[in-house]
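See below for the structure under consideration.
The values are calculated or read from the model by the stated rules, or taken from the named source; none is laboratory data. These numbers were taken from a predicted model, which means no experiment stands behind them. Because the Cβ atoms are built from the backbone with ideal geometry, glycine has one as well, and the counts that use them run over all protein chains shown.
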């Protein structure tokens, strides 16, 4: 029996892992949320701007209004309605300890719709986030709870679907629960990049990162190879990779990446789950400067000190690999989607010992302040104050600061706060002193950041003790600007006669030229009415309800921007039908 023990133990471990996944992630407990073949336009853990995608995006073929089903028994635990994010969203708690989330909905079923509208009228707000009790809105598996849409920040009709652990709110890959999805295509490896980590390290005899040419073997799907590469010293690696499911139209994220050097696993990442406080770790998982400059999403092996992303399953030596011999080494990347379709990249590495006497001397002509990522950090001059909380940075850095001349539309000099290529993990405070700002514009002033395409982005702020102060989430170029112009209101479908008897809605376009819309309020005959706000399209809609009276109605809409500039629109509306509601 003992001689077979070495075979039994690995088998037991393999089965234990498999059984654990099936126990913790019950199979066949949840049905599909849509009554159609599950085709994905986005998958779990996909790399997005400043965050990981927290669910799967199920295609609805550019159509809104498809029935959305409760995937299991439970109760509506949360209802959130917002002009951004997931838009109209339902959360269902299930007795097995998981919560399912349904986002970008067009509308809710009649029962839920009546419940939420009563709350919206009670609070006089379209934006709402409420938590019904566990006995208020009970749901059975297969119930139609809503209809698919394009609400919130969605860029096209689809259903966003999530599964979370109810207690911890950890987000879990829904495919782990046995949902059937069509996926037959191997991932694509687009970029292979190698990074020298210190001044002694080199790639192809250069002390700079290098993108390596790769080619695809057309005879075997998913096989890639690279030219032989010379490496020396401490080296990290990176690849840009993505997946297709059933066609070559929708780029999705991958499920796992493994890196082997000489057949030994050195790096492994798996998109099984993550928590919300981990999502901004994405900016240290990827080569952030390459993303900022070129839009490349290169997943790098180097692991920054302040990166606690749970998707890392194994990282040897923090993702830095020493090449200090004169031997030949074999590198293999294996990239998989959830269903096991695998692509492989192989390369030969010629290792060379670092040569210290050829080391270039770096001159530090500008000794800067050191920011320790583990502590809070403060930098201030007569014109600016910057306060970073502890663990705001992914790594310690030598902080850089300078100013340039005041531009025509600005009311401060331009403050160069470190550089835009260095990401931060947490929001931090920035205070800037106004210069040549007329007193009448003090309450219209805000801090703005200059984007990579030379557009000013409003960051907000309030005046206090001689400074404008706000919270920001990136380094870059900052200045004070003002917004003294009121928002715009444009009626879309109110006829000249003001008789709206032949329609079901009145629609408006509302815009603000800089600081953004802060609030809006519509009334009929002095009574607040519910108006649906689609922020991405600047559209505001009132769907007729009981507050529209037969005969003459006094309508008023007031829109306020973030600098408290106000625009009003009012008119008389005539309505003659009596049998609509």
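Per-structure values
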{"quantity": "Of residues in region 114-132 being within 17 Å of residue 101 (Cα to Cα) and assigned to a loop (DSSP other than H, G, I, E, B), the one nearest to the chain's Cα centre (by Cα)", "calculated": "131"}
{"quantity": "Long-range neighbours under 8 Å by Cβ, at least six apart or interchain, first residue touching a residue at least 12 places away in the same chain (Cβ under 8 Å) and at positive phi within region 370-398, second crowded, with 17+ Cβ neighbours inside 10 Å and part of a loop (DSSP other than H, G, I, E, B)", "calculated": "391/306; 391/373; 391/425"}
{"quantity": "Within region 98-113, tally of residues that are touching a residue at least 24 places away in the same chain (Cβ under 8 Å) and either closer than 17 Å to residue 543 by Cα or in a helix (DSSP H, G or I) (or both)", "calculated": "7"}
{"quantity": "Odd one out for residue 151 among (1) closer than 30 Å to residue 289 by Cβ; (2) part of a loop (DSSP other than H, G, I, E, B)", "calculated": "(1)"}
{"quantity": "Residue in region 59-82 that is outside any loop (DSSP other than H, G, I, E, B), within 25 Å of residue 119 (Cβ to Cβ) and touching a helix residue (DSSP H, G or I) at 6+ places or on another chain (Cβ under 6 Å) present", "calculated": "yes"}
{"quantity": "Sole residue being buried (at least 20 other Cβ atoms within 10 Å of the Cβ), modelled with pLDDT of 95 or more and closer than 28 Å to residue 183 by Cβ, chosen from 287, 258", "calculated": "287"}
{"quantity": "1 or more residues touching a helix residue (DSSP H, G or I) at 6+ places or on another chain (Cβ under 6 Å) and surrounded by 18 or more Cβ atoms within 10 Å (Cβ to Cβ): qualifying strands (runs of 3 or more DSSP E) within region 473-579", "calculated": "476-482"}
{"quantity": "Residue within region 161-179 that is part of a loop (DSSP other than H, G, I, E, B), surrounded by 20 or more Cβ atoms within 10 Å (Cβ to Cβ) and under 20 Å from the mean Cα position of the chain (by Cα) present", "calculated": "yes"}
{"quantity": "Residue under evaluation residue 155, criteria (1) closer than 29 Å to residue 25 by Cβ; (2) out of contact with any strand residue (DSSP E or B) (no Cβ under 9 Å at 6 or more places or on another chain), criterion not met", "calculated": "(1)"}
{"quantity": "Residue 63 being modelled with pLDDT of 95 or more and closer than 23 Å to residue 250 by Cβ", "calculated": "yes"}
{"quantity": "Looking only at region 405-418, and only at residues there that are exposed (fewer than 15 other Cβ atoms within 10 Å of the Cβ) and without any contact (Cβ under 8 Å) to a residue 60 or more places away in the chain, the one that is nearest to residue 285 (Cα to Cα)", "calculated": "405"}
{"quantity": "Pair list, Cβ < 8 Å and 6+ apart or interchain, from region 556-581 residues that are at pLDDT below 95 to residues that are surrounded by 13 or more Cβ atoms within 10 Å (Cβ to Cβ) and assigned to a strand (DSSP E or B)", "calculated": "576/499"}
{"quantity": "Residues located in region 181-220, provided they are more than 29 Å from the chain's Cα centre (by Cα), assigned to a loop (DSSP other than H, G, I, E, B) and in contact (Cβ under 8 Å) with a residue 60 or more places away in the chain", "calculated": "199, 200, 201, 207"}
{"quantity": "Residue count, region 221-239 (criterion: outside any strand (DSSP E or B) and surrounded by 15 or more Cβ atoms within 10 Å (Cβ to Cβ))", "calculated": "1"}
{"quantity": "Per-region count, region 265-277, residues touching a residue at least 40 places away in the same chain (Cβ under 8 Å) and outside any loop (DSSP other than H, G, I, E, B)", "calculated": "9"}
{"quantity": "Flag for residue 225 being more than 21 Å from residue 345 (Cβ to Cβ), more than 25 Å from the chain's Cα centre (by Cα) and at pLDDT 95 or above", "calculated": "no"}
{"quantity": "Yes/no for residue 233 being at positive phi and either touching a helix residue (DSSP H, G or I) at 6+ places or on another chain (Cβ under 6 Å) or touching a residue at least 40 places away in the same chain (Cβ under 8 Å) (or both)", "calculated": "yes"}
{"quantity": "Qualifying residue in region 96-104 (condition: over 19 Å from residue 170 (Cβ atoms), crowded, with 18+ Cβ neighbours inside 10 Å and in contact with a strand residue (DSSP E or B) (Cβ under 6 Å, 6 or more places away or on another chain))", "calculated": "yes"}
{"quantity": "Enumeration of residues in region 431-440 that are surrounded by fewer than 16 Cβ atoms within 10 Å (Cβ to Cβ) and over 22 Å from residue 379 (Cα atoms)", "calculated": "436, 438, 439, 440"}
{"quantity": "Residue under evaluation residue 95, criteria (1) under 27 Å from the mean Cα position of the chain (by Cα); (2) part of a loop (DSSP other than H, G, I, E, B), criterion not met", "calculated": "(1)"}
{"quantity": "Hits in region 83-92 (condition: in contact (Cβ under 8 Å) with a residue 40 or more places away in the chain and assigned to a strand (DSSP E or B))", "calculated": "88, 89, 90, 92"}
{"quantity": "Residue in region 358-371 that is farther than 30 Å from residue 279 by Cα and not in a loop (DSSP other than H, G, I, E, B) present", "calculated": "yes"}
{"quantity": "Residue match in region 143-157 (condition: surrounded by 15 or more Cβ atoms within 10 Å (Cβ to Cβ), free of Cβ contacts under 8 Å to residues at least 24 places away in the same chain and more than 23 Å from the chain's Cα centre (by Cα))", "calculated": "no"}
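Listed here are the residues, each with its yes/no results for (1) modelled with pLDDT under 95; (2) more than 30 Å from residue 278 (Cβ to Cβ); (3) touching a helix residue (DSSP H, G or I) at 6+ places or on another chain (Cβ under 9 Å); (4) in a strand (DSSP E or B).
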{"site": "408", "(1), (2), (3), (4)": "yes, yes, no, no"}
{"site": "411", "(1), (2), (3), (4)": "no, yes, yes, no"}
{"site": "415", "(1), (2), (3), (4)": "no, yes, no, yes"}
{"site": "426", "(1), (2), (3), (4)": "no, no, yes, no"}
{"site": "447", "(1), (2), (3), (4)": "no, no, no, yes"}
